[in-house]
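Trainee: Got a structure here, written out as structure tokens. Questions coming.
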Amino acid sequence: MIITAAETHDVTKLLAFREEAATWLRDLGSDQWSRPYPADKLLATIEAGTVFMLRDGHTTAGTITLTPDAEAGLWSDNELTEPSMFVNKLTVDREYAGQDLGGRLLDWAGDRARRAGAQWLRLDAWTTNEALQRYYIAHGFSHVRTVREGGAVNGGPRVSGWLAQREARSADHGFTDRTPAPERLRFAA
């Protein structure tokens, strides 16, 4: 399998991925990703070079967003001085479930983060999705804390505030990496 940077024409596939994942999660009793994601925001992240696609021939098997930008209100000022990269929107096509592609994408992200100069690979997960939280713990992440206030809508409850991190480290993820070399992080120490 090959990992590449997403291109603007991938927006349709990414939106479909999200809807497929939301349906699957809804069937499991979770409201995660129940609100549609704005296509213009997704396009902006693709254009910023932070969205990556896992391709199996002509089929997209998964996607991950890896950015040096933390979501506002989640991480402390002190934590933000530590060189970190943040995982978002990790999604694997249901056809590929059970192959640990998500875990391998996390390994790829940790390796890319290390090459960019990051100390930490960080993420925020859905606050009520305990199965997802266990998944991240099983993949080497440590729970930092859960932020419940300061959501995007009128400062209300935050739905994705379960924070976790693991060291950015080299990994043998097994993918052919056709992404451009990561830019070195700039951070205030």
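Taken together, the values in this text are just the output of simple stated rules run on the coordinates, not laboratory data. Source: prediction; values computed, not measured. So basically every Cβ, Gly included, is an ideal-geometry build from the backbone, and we count neighbours across all protein chains shown.
Trainee: How much net charge surrounds Ala109 when only the other residues with a Cβ under 13 Å from the Cβ of Ala109 are counted, with Lys and Arg +1 and Asp and Glu -1?
Mentor: Values: positive: Lys89, Arg104, Arg112, Arg114, Arg115, Arg122, Arg166, Arg169; negative: Asp107, Asp111, Glu167, Asp177.
Charge balance near Ala109 sits at +4.
Trainee: Shifting gears a bit: Treat each spin label as a single point 7 Å out from the Cα along the C-beta direction, and report the Asp177 to Leu15 distance in nm.
Mentor: 3.2 nm
Trainee: Using the basic label-point model (7 angstrom from Cα toward the beta carbon), what is the Thr59 to Ser170 distance in nanometres?
Mentor: Roughly 3.3 nm, to one decimal.
Trainee: Say R0 is 25 Å: what FRET efficiency, to the nearest 0.05, do Leu185 and Lys41 get from their beta-carbon distance? Write out the running numbers ahead of the final one.
Mentor: Working: r = 23 Å, r/R0 = 0.91.
So, using R0 = 25 Å, E works out to roughly 0.65.
Trainee: For Thr67 and Arg115 in one chain, what is 0.36 nm times their gap in residues minus the Cα-Cα distance, to one decimal in nm?
Mentor: Details: separation 48, 0.36 × 48 = 17.28 nm, distance 1.33 nm.
Taking Thr67 through Arg115 to full extension adds about 16.0 nm, to one decimal.
Trainee: Still on this structure, I have one more. Just Ala48, Ala168, Ala109 to compare: in a GNM of the chain, with alpha carbon springs under 10 Å, which one fluctuates most?
Mentor: Among Ala48, Ala168, Ala109, the largest mean-square fluctuation in the Gaussian network model of the chain belongs to Ala48.
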